[in-house]
1. Within the set of other residues whose C-beta is less than 14 Å from the C-beta of Gly122, count the net charge using Lys and Arg as +1 and Asp and Glu as -1.
2. What is the spread of the Cα atoms of the chain along each of their three principal axes, largest first, in whole Å?
3. In a Debye calculation with equal point scatterers on the alpha-carbon sites of segment 123-252 and no solvent, what is log10 I(q)/I(0) at q = 0.16, 0.20, 0.21 Å⁻¹?
4. For segment 15-127, just run the numbers: alpha carbon Rg, then divide by 2.2 N^0.38 Å, N being how many residues it has.
5. Averaging sequence separations of C-alpha pairs under 8 Å and six or more residues apart, then dividing by the length of segment 301-353, give the relative contact order as a whole percent.
6. Let me know the Kirkwood hydrodynamic radius for segment 370-422, please, with Cα pairs as the basis and the value in Å to one decimal.
7. How big, on average over all directions, is the shadow cast by the Cα convex hull of segment 195-258, in nm²?
8. Kirkwood Rh, Cα Rg: Rg to Rh for segment 346-434?
Amino acid sequence: YRTHWHPSIQDAMVKILKRITVEEIPADCSEPVDPKALEQARGIVDSIKDKGETALIEWAVKFGEIKEGESYVCTKDELKAAYDTLSAEQQGVLDRVGERIRKFAKSQRESIQDTETDIPGGRAGQTVAAVECAGCYAPGGRYPLPSSVMMTAITAREAGVPNVWVSSPHPDQVTKAAAFVAKADGMLKLGGAQAIAAMAQGVGGCPAANIIVGPGNQWVTAAKSLVQGKCAIDMLAGPSEVLVIADASADPATVAADLLAQAEHDVEARPILVCLDEGTIDAVDVEVQKQLAELPSPNKETATAAVSKGFAVLTKTVEEAITVSDTIAPEHLEIMTKDAMEVGMRCKHYGGLFVGRFAAEVLGDYGCGPNHVLPTAGTARYTGGLSVHTFLRVRTWMRVDKPADNQQVVEDAIALARMEGLEGHARAAEMRRQ
């Protein structure tokens, strides 16, 4: 492809991917919580906290989520009925995707177990247990995301959460069916800040969630920031991101397709190409323009706006490309280079890693196994994506059976307490002297 690229045409080419230098790379994205959305979400969250279901119904009717007198809850029976309306082919897709998500989540759960060890005079250990109730949000705006229903609710179930509720605005039959496949206890037909407030407070038949997870728009993110503390949250997610590290061995059409797959999510999405070969950047640019022209509306318009916010960076070495990627800490990181696995394992900061041409990020989106709810806006530097661990509590315990063998601990505790000026602590320790 590139060997037939004529230099004069290359020079005249209109470039859609903005080229920037390594020095011009932004350190991070903008703050995930929009101030105006936060102010609006606060009014909704506070009113539902004060007035409960009355306020919730008012907001749901106002935003056109339900009609006057209509229920905002889908029961298990309704979720099953939705599944039954689907074709055998559609049911098969949901069942297979659900099983792959379930298998990976089970593997994660098995990676952390109860354990115990000796301590002076006794034993100590940890127990691992899930929270009692999880609220799982799935977007339903520009595009409904039944995949997010399964990614969140199935993972919660495999963690061992006994009560799992889903919320999604204007759920279609496939979204409801996905909740059935995920074994959700029920679904709220709600979106935005009102959905988060309902799950946090426990309104109607939905119990108060101990944790709320899942991606959403700026009002969902703002509301999650407000209820954090009353319950846990997974993360404050910003717009979607993909970063592709490529060299001259990469297929330009495939790279372009993967950049556009994220770009069509949202006008604020960021497609980023970090490449060791200038000719490949040019070839990818041509493919992006070609494939953009062939996308249907409104995907085309959304992706075009997002591409304008993305960029391409030319690096001299693989080491420099890895440094660029680690600086950005992208949500999705694709490696399309020679020795792709070795390059990927040298990267430190990312939400999800996709190694080689055939490990497409979209396959991760649609249930190859690992979760697609991932950290954005550089937060991958300190946190990972949604997993069974998100729903688990590691609790420790200790027991002293032979006080005589624990006396050095007692004396150390007395001494350290007095170093800190906590006399009550010291005296409580003294009660354990033999």
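1. 0
2. Ordered largest first, the chain gives principal extents of 90, 59, 43 Å.
3. -0.73, -1.05, -1.15
4. 1.88
5. Relative CO of segment 301-353 lands at 35 percent.
6. By the Kirkwood definition, the hydrodynamic radius is 15.7 Å.
7. Here the figure is 6.1 nm², rounded to one decimal.
8. My calculation puts Rg/Rh at 1.35.
The values are calculated or read from the model by the stated rules, or taken from the named source; none is laboratory data. This one's a predicted model, so the numbers in the text were calculated from it and none came from an experiment. Every residue, glycine among them, receives a Cβ derived from its backbone with ideal geometry; neighbour counts consider all protein chains shown. Side chains are part of the model used for accessible areas, which takes the heavy atoms of the whole protein and leaves out ligands, DNA and RNA. Shrake-Rupley method; radii C 1.70, N 1.55, O 1.52, S 1.80 Å.
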